[in-house]
1. Could you calculate, for chain A, the ratio of the Cα radius of gyration to the Kirkwood radius, expressed as Rg to Rh?
2. With point charges of +1 on the Cβ of Lys and Arg and -1 on the Cβ of Asp and Glu, referenced to the Cα centre of the protein assembly as shown, which listed residue (B:P6, B:F130, B:I230) lies farthest in the positive direction of the dipole?
3. Given the DSSP H assignment, sum -39500 (n - 2.57) over each helix run of at least 4 residues in chain A and divide by its residue total; what's the result at 222 nm in deg cm²/dmol, nearest 500?
4. Holding the Cα-Cα limit at 23 Å, pick out from B:K228/B:K333; A:K174/A:K238; B:K63/B:K310 the pairs that are longer than that.
5. Between their Cα atoms, which of B:K367/B:K405; A:K18/A:K151; A:K92/B:K114; A:K390/B:K102 are more than 19 Å away from each other?
6. Label-to-label distances across copies for A:R13, with labels 7 Å out along Cα→Cβ, in nm, shortest first?
7. Which ³J(HN,Hα) values, rounded to whole Hz and listed in residue order, are derived for the stretch A:378-395 from phi using the Karplus coefficients 6.51, -1.76 and 1.60 in 6.51 cos²θ - 1.76 cosθ + 1.60 with θ = phi - 60°, glycine and proline given as x?
8. Which residue of chain B is nearest the rotation axis onto chain A, counting by its Cβ, and what is the distance in whole Å?
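Coordinate-derived values only; no laboratory data. Everything quoted here is computed from the prediction, not taken from an experiment. Every residue, glycine as well, gets a Cβ built from its backbone with ideal geometry; the counts of neighbours run over all protein chains shown.
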Number of protein chains: 2
Amino acid sequence: MSIKKPNLLKGFRDLLPKEALTKSDLIYKLKNQFELFGFTPIETPHLEYTELLIKESEGEISKQLYRFNDNGDRDVCLRFDLTVPLARFVAKNQNDLIFPFKRYAIGNVFRAEKPQFGRYREFTQCDIDFIGTESRLAEAEILKLIISSLKSLNVKDFTIRVNNRKIMNSIGIKYNFVKIIGDVLRVVDKIDKIGRAEVINELHVLGLKEEQILAISSFLDIGRGEPKEILEKLRALKIESQEFTEAINELDELQSFLGETKNIEYDVTIARGLGYYTGIVYETNLLELPEIGSVCSGGRYDNLTQNFSKQKMSGVGASFGLDRLITALLELKQINQRETKANILCAQIDKASVSYILKLAEELREKGVAVESYPDLSKLKKQFQYAEKKNIQFMVIAGSEEIEKGVFTFKNLKNKEQFEFKNASQIIEYISNLNE
Amino acid sequence: MSIKKPNLLKGFRDLLPKEALTKSDLIYKLKNQFELFGFTPIETPHLEYTELLIKESEGEISKQLYRFNDNGDRDVCLRFDLTVPLARFVAKNQNDLIFPFKRYAIGNVFRAEKPQFGRYREFTQCDIDFIGTESRLAEAEILKLIISSLKSLNVKDFTIRVNNRKIMNSIGIKYNFVKIIGDVLRVVDKIDKIGRAEVINELHVLGLKEEQILAISSFLDIGRGEPKEILEKLRALKIESQEFTEAINELDELQSFLGETKNIEYDVTIARGLGYYTGIVYETNLLELPEIGSVCSGGRYDNLTQNFSKQKMSGVGASFGLDRLITALLELKQINQRETKANILCAQIDKASVSYILKLAEELREKGVAVESYPDLSKLKKQFQYAEKKNIQFMVIAGSEEIEKGVFTFKNLKNKEQFEFKNASQIIEYISNLNE
């Protein structure tokens, strides 16, 4: 038989135990928060009809698709995000869903992009959406959910920067650059990275006139700050248009719903790249790691299901950047990456005592303590090395002597303490005293 | 813009909130047990090189592949199980893994089979494997893990039936039918479904002679029972071959490692369909729902990484049937399917009190109680209907009157009780008293 090389496809990766355990724990904490807010998971297939996921006009994304004809000659592709399938899902299952509909989805998506450092062709997205309501309560709840999610991960110093797309839009109407508003937003969105001077520069390149740039520039001067303070400054602009008034009212209402909430600023420079946002938008930055970019962002969209239905369906969403969060938590030393959840290894010193020691393992596990048992009758040195490699702190040893006395030899591999314990409870007591 | 029909591909499905929440909770409980035993997750890509997943010779499975050429003209396919990618993973990452290696994987696989009731072209597999040891402790730990996993799901009446492939093999050698041992095993494996008489019949069809059938038949008479009892009966067969002795010794050792363990029987009729098992095999049946088939099965294999390496790598695995488990738990009424984790709905009766009631929601969530807040200023009747549809038992209402008194009106929608509570703690106390 020929031996093959176990290669991965270019741009794909394996997650090793440490990495996968970290990710799994992170996802569990996020899911728990989502569910505390009444969001429920849904699942959609990884594979869908191509024509339902992209429009003919979408050049850029269609180059990145994993697209093929299946055995039934259907034109299919792997999903490239979770939002388009959500729209398909809502349209299809409309009669079986309860609206307002609150769902989260965590799943892998596929993009045949040029692989870059830290970017992969298959990656996990984590989205929450509150669909079928135009109330600002949806934004308020999603912002509160972002806050409690990050807190549950022990991230403390972060700011969610909130803006309303309608503000720049109404300035665009007033100063007559609404036709290129998309380009202007894209330039303004880069202000954190390239600085104010370069933004002004690029606005010139877009062909804007001095007067228009002055208007944008004095608007950008408002910058960021406490919601009430920014609202005052915006009102002082005295732009009289229905859209501007709407924008201010929405931000005002959001502020009143949130009450005294830390971690939130209003920031007129936030634009968010994605085209489908139409109202309030937000992104989340970690104060200690600004270079990492936004770890959670989103906003309100007007019409989720427009490709599938004439009925309008407004909603608010947010997307957590799992890879960025993991990078951040590692940098902030908020994650202790482990090879195993077990902190106790049951050694094997003769076959006759295996069932005796496995019984102890069972008792410990029933009390919620993770335990590994070494499978082979290897030299103890090798078993210690296994514990060391996996960063397992305690070892239990039992042979005929221990069985006769009805005890277990218990070693703390860190401080070299050694005890004879009678049962699982004594072991658990010792460990919990250590942790105090 | 043209409106499209939101169709799913044939054989694919959406999971709605109820179904997805049930599955998510089930997976969480299983993961928790796996990790208590020191198994860690890994992840491999959904897409791999086709030549690494199948051998040229494998006709049946290759017809079921989602296979295509990617943008780089690579011959790729979606994974059809988690075992072949595991072999590729272990071969590729050998130097970064700690052996014996204990991993679990839960992920979706794809097979373009003819869709049948309850069978889909994309489905979730859930596998655990203990790799790189020939010790019977691996089997013992996996069996104990199956038991505690099922107990954690509140499944009580189940039997794991254990056998050793080597037994039938040595009978095959002694009675000269080893060449068609695969066919014989396949027939014997059906004994639960078709009965003993039909098995004998089919063995005739295979062309076995009377003497051979008699040998198989008196072997099958041993049937199933307490491990010690079955071991005695097997020894009484007095088959003298190295393989038979090995088989008995392995089962004997396994029994001694397990000690007094309920839920386990030895059963000489268990064969397991999959070709790669070479030693001890097992399957798990629910006593109240035998028709559902095995909910967890597996066994020992000799050489996981044979396609990738000359080094032998033995292991033991088990696979949980998630869909079967969900079906069973629903039938046994061990799952209460819900649309949301929340059991409290914060109503909205005016905009001025939204921040007051959201503050309560925040306190409840911080104490681990799931809460939804109704986003719209709808009529209370509509908000009650929302609670009813989602089976939410309690409702909190607050307006200017409540704010003035510093209370919340709390309604138990089931027994129509109504209270004024001051804070989250009073609400939690009331609910926990109800549940006692």
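1. My calculation of the ratio gives 1.08.
2. Final value for the positive-end residue is B:P6.
3. -12500 deg cm²/dmol
4. Flagged as over cut-off: B:K228/B:K333; B:K63/B:K310.
5. B:K367/B:K405; A:K18/A:K151; A:K92/B:K114
6. The projected label point of A:R13 is separated from its counterparts by 3.4 nm.
7. 8, 4, 4, 4, 5, 5, 4, 4, 4, 4, 5, 4, 8, 6, 8, 7, 10, 9
8. Whole-Å result, nearest residue of chain B to the axis: B:F68, 2.
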